[in-house]
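The values are calculated or read from the model by the stated rules, or taken from the named source; none is laboratory data. As the structure is a prediction and not an experimental result, all values here were calculated from the model. Using ideal geometry, Cβ is built from the backbone for each residue, glycine included, and neighbour counts are taken over all protein chains shown. Each accessible area value is taken on the protein alone, full model and side chains, heavy atoms only, with ligands, DNA and RNA left out. Shrake-Rupley method; radii C 1.70, N 1.55, O 1.52, S 1.80 Å.
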Amino acid sequence: MVREDRDPRWILVPCPGFPVHPGEAFHMGWQSASAGYFFDGMEMIAALAPGAGGIEPLQGAVELLLPVRDTVNTRMDDLARLCSAAFGRTWTAPRSVDEYRLLLRHGVFEIVNRWSYIADIQTVNRLQAWFYAGFGLGRGETVFRGLRLHARLHEIVGDAPPLPDMPLNLGRMAREGARQMSTAAEEDDLRTVRPLFEDCARRLDGAARHCSGPLAEPRPRMFEEDLAAVLDTARRVELDFAGRRN
């Protein structure tokens with residue numbers, strides 16, 4: 001049971017959309033962070049478009065974003081419904097970069113912060129561990145897809161600004177994602193899937209090292225195996241939770 005926040009604007013009540021189970025916490029983290037690839041990619045393409053002569057010359061990069069658009073929209077619909085249920089007010093599903101970041105900052109992470117009001121500290125630890133395991137894994141998808149997008153953009157525009165900032169941001173994200181998964185995996189509740197998260201964390205550490213080195217000639221097919229490992233881990237964890245509910 002969740003205690004009421006003393007500020008009446010932020011009262012979280014138990015309801016079907018409020019994540020009070022580890023599987024829901026994992027799913028919320030995974031959905032939140034994995035969508036970053038699409039929104040961050042859109043932002044980078046929009047920033048490069050004026051110097052490239054518009055969107056048309058960047059179509060080769062846009063083609064990497066389009067296949068995940070429907071999946072991301074579905075994930076944002078789910079998160080908006082969850083936040084609407086948790087806060088008792090309507091959240092619009094994000095379709096822009098600013099809307100996405102607003103939902104994360106004032107929706108998803110407000111929920112995570114409010115878990116501290118749960119009386120049972122063990123429950124708090126479990127929810128936070130699963131959330132950050134999912135969030136770190138979602139960052140893995142964003143990083144590995146993002147590196148492929150960076151390679152494609154580099155083929156088109158070279159080192160035109162602000163593209164050189166992209167690997168720096170991806171490297172930071174990779175380090176944070178690796179740390180989040182490694183820390184979460186130390187919780188006893190994650191012991192059965194700990195090797196999966198530790199493996200993904202090692203892969204992200206490798207991506208972070210790559211981003212700190214020379215990236216003059218990025219290779220588009222790098223990290224495909226790492227991306228597959230991240231996606232497979234997310235699928236296996238969610239299938240496991242689904243099996244427990246049935």
Next item on the list: Report the longest stretch of the chain that contains none of the trypsin sites (Lys or Arg not before Pro) sitting in a DSSP loop with at most 16 other Cβ atoms within 10 Å.
Entry: 96-190
Check: Glu186: net charge of surrounding residues, Cβ under 14 Å, Lys/Arg +1, Asp/Glu -1, itself excluded?
Finding: 0
Check: Of all accessible surface on the chain at a 1.4 Å probe, what whole percent is carbon and sulfur?
Finding: 51
Notebook entry, point to check: By how many degrees, between 0 and 90 and to the nearest 10, does the Cα long axis of helix 165-185 differ from the longest principal axis of the chain?
Noted result: 30
Item checked: Förster-model FRET efficiency, 30 Å R0, Thr90 and Leu66, C-beta, rounded to 0.05 -> 0.60
Notebook entry, point to check: What is the distance in Å between the Cα centres of region 105-158 and region 185-207?
Noted result: 14
Note to self: If a paramagnetic tag sat 7 Å from the Cα of Asn169 along the Cα-Cβ line, which residues of region 70-112 would have the backbone N under 15 Å from that point?
What the structure shows: 96-102
Item checked: Where labels lie 7 Å past Cα in the beta-carbon direction, separation of Asp77 and Tyr117 in nm -> 3.0
Notebook entry, point to check: Relative to the longest principal Cα axis of the chain, at what angle does helix 224-245 sit, 0 to 90 degrees, rounded to 10?
Noted result: 20
Next item on the list: Counting only C-alpha contacts under 8 Å and six or more residues apart, can you give the relative contact order of the chain as a whole percent?
Entry: 25
Margin query: Between Asp240 and Glu43, what is the label-point separation in nm under the 7 Å Cα-to-beta-carbon projection?
Written below: 3.2
Next item on the list: Keeping all protein chains in place, calculate the accessible area per residue for the chain (probe 1.4 angstrom), answer in Å².
Entry: 49
Margin query: Using a 10 angstrom Cβ neighbour count of at most 15 plus a DSSP loop assignment to flag exposed GluC sites (Glu not before Pro), which longest range of the chain is free of such sites?
Written below: 5-185
Checklist line | Helix axis angle, 22-34 relative to the chain longest principal axis, alpha carbon, degrees | finding: 20
Notebook entry, point to check: Just Ala229, Ala33, Ala119 to compare: in a GNM of the chain, with alpha carbon springs under 10 Å, which one fluctuates most?
Noted result: Ala119
